[in-house]
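Participant: Mind having a look at this structure? Questions to follow.
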Amino acid sequence: MEISVAPTRKRPVNLTMNEALVAQAKTYTNNLSATMESLLAEFVVNQQNVRRDRQGAADACAADWNAVHAAVGSFADEHSTL
């Protein structure tokens, strides 16, 4: 899942933020909304990458386990009560 970089419709949202931090941030940017949007977009991309990496690790683990099962079978196979 990628973030759209094309201009999209914007709407106002309410955020509760530390007043002192906002005042400090305003000394570094004249467009706090654009700065926050950029930081939020970066956060979303990072979280998507984390999720993708975690899924990749889980897929690799399952593939390795399936290879072990295909090669040696299941430990439980020797202990069937049927």
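Participant: Quick one: is VAL50 of a type outside the set (D, E, K, R) and within 30 Å of VAL22 (Cβ to Cβ)?
Facilitator: Working: of a type outside the set (D, E, K, R): yes; within 30 Å of VAL22 (Cβ to Cβ): yes.
Taking the combined requirement at face value, the residue satisfies it.
Participant: Does segment 15-31 include one or more residues that are part of a helix (DSSP H, G or I), surrounded by 10 or more Cβ atoms within 10 Å (Cβ to Cβ) and hydrophobic (A, V, I, L, M, F, W, C)?
Facilitator: Yes: one or more hits.
Participant: Among the residues of segment 64-82, write down those that are exposed (fewer than 10 other Cβ atoms within 10 Å of the Cβ) and not aromatic (Phe, Trp, Tyr).
Facilitator: The answer is ALA70, ALA71, VAL72, ALA76, ASP77, GLU78, HIS79, SER80, THR81, LEU82.
Participant: Scan segment 42-55 and tell me whether some residue there is of a type outside the set (Asp, Glu), out of contact with any Lys or Arg (no Cβ under 9 Å at 6 or more places or on another chain) and over 30 Å from VAL13 (Cα atoms).
Facilitator: Step one: list which residues in segment 42-55 are of a type outside the set (Asp, Glu), which gives 43-52, 54-55.
This time we only want the ones that are out of contact with any Lys or Arg (no Cβ under 9 Å at 6 or more places or on another chain), so: 43-52, 54-55.
Okay, now just the ones that are also over 30 Å from VAL13 (Cα atoms), so 54-55.
Yes; the residues of segment 42-55 include at least one that is of a type outside the set (Asp, Glu), out of contact with any Lys or Arg (no Cβ under 9 Å at 6 or more places or on another chain) and over 30 Å from VAL13 (Cα atoms).
Participant: (1) free of Cβ contacts under 8 Å to residues at least 40 places away in the same chain; (2) in a helix (DSSP H, G or I): which one isn't true of PRO7, the others all being true?
Facilitator: (2)
Just so you know, all these numbers are worked out from the coordinates, no wet-lab data involved. Given the structure is predicted, the values throughout are model-derived calculations rather than measurements. Here the Cβ is made from the backbone with ideal geometry for all residues, glycine too, and neighbour counts use every protein chain on show.
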